[in-house]
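Each remark here refers to the structure printed beneath this line.
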Amino acid sequence: MDGAFRAEGSTVGYRAGGRRAGKALRTHQIIAHDMILQRRHFLRLAGAAAVTPASWRSAYAADYPTLPVRIIEGLGGGSTPNLVSRLIGQWLSEHLDQPFVVESRTGAGGNIATQAVVSATPDGYTLLTIVTTNAINATLYEKLDFDFIRDIAPVAGVVRLPMVLLVNPSFPASTFAEVIAYAKVNPGKVNIASPGIGTPMHVAIELLKLMAGIDLVHIAYRGPAGVWPDLFGGQIQAFIITVSTAIGFIRAGKVRPLAVTVANRTEVLPEVPTVAEVLPGFEASAWNGIGAPRGTPAWIIDRLSTTIVAGLADPQIKARMNDLGGDTAPMASTQFKSFIAEETAKWAKVVKFSGAKVN
C-alpha cells in the first residue's frame, strides 16, 4: 500500500509540475509577443513623426480652437479698433466654431493691452488688436516692459483708415498748397490740433511739418470731442482726424476738407485731393490688424491668418469696414510683419524729429 501510494503520489507530482512548467512557458511567450508588438508600434510612430511632421501640424491646427479666444484691444468700447475687433471676432467665431470675445484694456496709449498679450501663454487663445500707435509707441515711450517688434507675432492686417486735413471755413486758404504758403509767411501762427500725443493724427502733423518745411503749432487734445468747438470758433485753425469721424461735419459745411493723408483719393471724398499731390511721397493712415504673443505655434497663426484674409474678401465684411470709414487691407502674417516693421521705422524718424514725449 505504501508502494502504491508513493507511485500514485509521484504521478500526481509529475502531472502538477508539468502543468506549472507549461503555464510558465505560455506566460513567457505572451510577454515576448507583447514586447514585439510594442516595439513595432513604437517604430511606426517614430517613422510617422520623422516622415510626416507637416501632417501632425495639420492635425493639431485642425483642432484649434477648442476653447473661447480673447481679442484684447486698448482703445475701449465705441472706438474704431474696438468695432473692427468685434467684426473680425464675429467672423472668426462663425468659421472656427468657438467664441472670439473682445476685451478692452485701455490706458497708456494701448500699452496696457499690449502688455497683457505679451504676458499671455502663446497658445492662440489670447490675441491683440494691433493699431498704428503700437508702431509709434515703440519710439515715443522711452521705457516699455516689452519690445513690440520682438514680442508680438503678426497674424493679419485688417483695415486702413484714411485721415483728412480740415480747416475752419474762415481760414484764408482754400487748398492745401495755400495752407503751406500761408504757414511759411506766418510761422508759428497756425494752430493745428490732434486728438492726443502719439496718435496717428499727431505724427501725421509732424510728418507734414517735416516734409513741407513749415512751422505749425501742434495742440494735443484728449480725444477729438474737445477739438470741434474750438475749430468751429476759430481758436484752432486746422485739424487732422479720420474721415469717418469728420464726414458729418464736412457734409454740414461746418469745416472745409483740404486734403486726405492716404496715397489715393477716397471714395467718400473723391473731390478732395491727397497731401501727396502737393508733397510727393507723403502717406499717413490709421490701421488695424491682429497679433499674438511671440512663440504662438506657426500653424495656429497660419489658420487665423487664412481665415481673417478670407473674411476680408467677403462683400458684407468689406461693406461693414466701409461703414466704419475704412478700406479692407488684407495682409497675411508675413506681409503684415514687413508692414509693421516699415511703419515702426518710419514713425521712429518722425517722433525723433518732433521731440515728442509722453508724461
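The values are calculated or read from the model by the stated rules, or taken from the named source; none is laboratory data. Everything quoted here is computed from the prediction, not taken from an experiment. Don't worry about glycine lacking a Cβ; one is built from the backbone with ideal geometry, like all the others, and counts go over all protein chains shown. We work out accessible area using only protein heavy atoms, side chains counted, and drop any ligands, DNA or RNA first. Shrake-Rupley method; radii C 1.70, N 1.55, O 1.52, S 1.80 Å.
Rg and Dmax, both from the Cα atoms of segment 54-176 and both in Å, are 18.1, 67. This model, with +1 at the C-beta of Lys and Arg and -1 at the C-beta of Asp and Glu, gives segment 126-285 a dipole about its Cα centre of some 340 debye. Name the long-range amide H neighbours of Ser104: under 5 Å, sequence gap of 5 or more, or other chain; modelled H, no Pro or chain starts. Distant-sequence amide H within range of Ser104: Glu73. Net charge dipole, segment 162-234: roughly 60 debye, given to the nearest 20, about the Cα centre with Cβ charges of +1 for Lys and Arg and -1 for Asp and Glu.
Residues in segment 148-214 average 32 Å² of solvent-accessible surface per residue, probe 1.4 Å, ligands and nucleic acids excluded. Which entries in Lys254/Lys357; Lys184/Lys352; Lys189/Lys352; Lys254/Lys349; Lys318/Lys352 show an alpha-carbon gap greater than 27 Å? Beyond 27 Å: Lys254/Lys357; Lys254/Lys349; Lys318/Lys352. Heavy-atom accessible surface of segment 253-359, averaged per residue, reaches 49 Å², computed with a 1.4 Å probe. On segment 251-359, 52 percent of the accessible area sits on carbon and sulfur atoms, based on a 1.4 Å probe. Its Cα centre serving as origin, segment 288-340 has a Cβ charge dipole (Lys and Arg +1, Asp and Glu -1) of approximately 180 debye.
Loop-located trypsin sites (Lys or Arg not before Pro) in segment 152-202 (DSSP state other than H, G, I, E, B) with a sparse environment of at most 11 neighbouring Cβ atoms within 10 Å are absent.
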